[in-house]
1. Just one of V68, V76, V24 is more than 15 Å from L5 (Cα to Cα), modelled with pLDDT of 95 or more, open to solvent by 30 Å² or more (accessible area, probe 1.4 Å) and not in a strand (DSSP E or B); which is it?
2. Could you list, ordered by first residue, the pairs with Cβ atoms under 8 Å in which the first is in segment 95-120 and within 22 Å of A323 (Cα to Cα) and the second is polar (S, T, N, Q) and open to solvent by 30 Å² or more (accessible area, probe 1.4 Å), at least 6 apart or interchain?
3. Please determine whether any residue of segment 146-159 is in contact with an Asp or Glu (Cβ under 6 Å, 6 or more places away or on another chain), among the small types (G, A, S) and in contact (Cβ under 8 Å) with a residue 12 or more places away in the chain.
4. Being assigned to a loop (DSSP other than H, G, I, E, B) and open to solvent by 50 Å² or more (accessible area, probe 1.4 Å) is the filter here; which residues of segment 83-110 pass it?
5. Taking only segment 121-170 into account, find how many residues are of a type in the set (D, E) and under 19 Å from C267 (Cα atoms).
6. Can you tell me which residues in segment 1-21 are farther than 18 Å from V100 by Cα and not in a strand (DSSP E or B)?
7. Within segment 292-315, can you find the residues that are of a type in the set (G, A, S) and either open to solvent by 40 Å² or more (accessible area, probe 1.4 Å) or over 16 Å from the mean Cα position of the chain (by Cα) (or both)?
8. Between a first residue in segment 221-238 that is touching a residue at least 40 places away in the same chain (Cβ under 8 Å) and a second residue that is assigned to a loop (DSSP other than H, G, I, E, B) and among the charged types (D, E, K, R), which pairs have beta carbons less than 7 Å apart while being 6 or more apart in sequence or on different chains?
Amino acid sequence: MRALLSKEVGGPETLTMGELPDPVAKPGEVVVAVKACAINFPDVIIIEDKYQFKPPRPFAPGGEIAGVVESVGEGVTDLKPGDRVLGSTGWNGLAEKVVVERRRLYPLPDSKSFEQGAALLMTYGTSIHALLDRGHLKAGDTLLILGAAGGIGLSAIELGKAFGARVVAAVSSEEKAAAAKAAGADETVVYGRAPFDKDASKALAEQFKAAVGPDGANVIYDPVGGDYAEPALRSIGWEGRYLVVGFPAGIPKLPLNLTLLKSCDVCGVFWGAFAARDPKANAAHVDHLFRLWEEGKINPHVSEVFAFEDGGKAIAKLADRGAIGKLVVRVAD
């Protein structure tokens, strides 16, 4: 089968179309003929050997797919060939077929496209776990979201509004601010591009404080990191929750005296590990997401669809922080 392969450590320019053996489903597994594969930040760093997992080469990036069941392994009785599914794979999603554990797959409604299905699970799964389990978000809270126009940021805006929060979306351009507003954000902050010196960092903190209001943010959702983290933390409210989600701008060093002064929590968010450790709780979250999706309260924003051969271009665009919403690769029609 064809696959977009990482054969050496490097950026998206090192990816090449090649062949992998057709996968075979073992007990408890399913072979899925991939129709669409969404691109996420782990795809940027897994090919550079900077991710938590380092699969043996050659492998294909791509951890989030939608497609059609081709075959099922022993013990899988609730899926059959021809069923439409979406799921998380870790990697090897940018291939014509992929083998997936049954517990990582969910039925894709007939009313939703494969591109939409591929764009749902990782971003919204991360955000619902972060906001409810780690951030304890409740109606009336003020939620500040960094990187709010990316796939994960837009998912947090929609979920924040669905849960009754006031949402402040922080973005890097007016175009992205418009996208955040369209997704439901109550207010936006447009910040400059890091690195920041001391004065610029202080100025950004003042922007955040003005936007969240005098009581500060109850929850801060940070999938960006880098020089944006400390200014955001300075805008947190008393006993607020700072959610550490990712580091495309670099791993920050936070002054811990701020956590004492605000009596706030800094909480790590690792959705993949949560889903593996507590599959029942994760399944309940996914069921919740499907209900919100059906009600129109969330809707994966696919801003661009790439051809299979151009999967590397999609990863490069995400790495350059040029994406609004989700980028999806169409693997097959």
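1. Of the residues listed, the single one that is more than 15 Å from L5 (Cα to Cα), modelled with pLDDT of 95 or more, open to solvent by 30 Å² or more (accessible area, probe 1.4 Å) and not in a strand (DSSP E or B) is V24.
2. Final answer for the pair search is Q116/N299.
3. No, segment 146-159 contains no residue that is in contact with an Asp or Glu (Cβ under 6 Å, 6 or more places away or on another chain), among the small types (G, A, S) and in contact (Cβ under 8 Å) with a residue 12 or more places away in the chain.
4. Listed by number, the residues that qualify are W91, E96, D110.
5. 2
6. K7, E8, V9, G10, G11, P12, E13, T14, L15, listed by residue number.
7. G296, S303, A307, G311, G312
8. Close Cβ pairs satisfying both conditions: G237/D215.
The values are calculated or read from the model by the stated rules, or taken from the named source; none is laboratory data. Keep in mind that this is a model prediction, so the values were computed, not measured. Quick reminder, even Gly has a Cβ in these numbers, built from the backbone with ideal geometry, and neighbours come from all protein chains shown. With ligands, DNA and RNA removed, areas are computed over all heavy atoms of the protein, side chains included. Shrake-Rupley method; radii C 1.70, N 1.55, O 1.52, S 1.80 Å.
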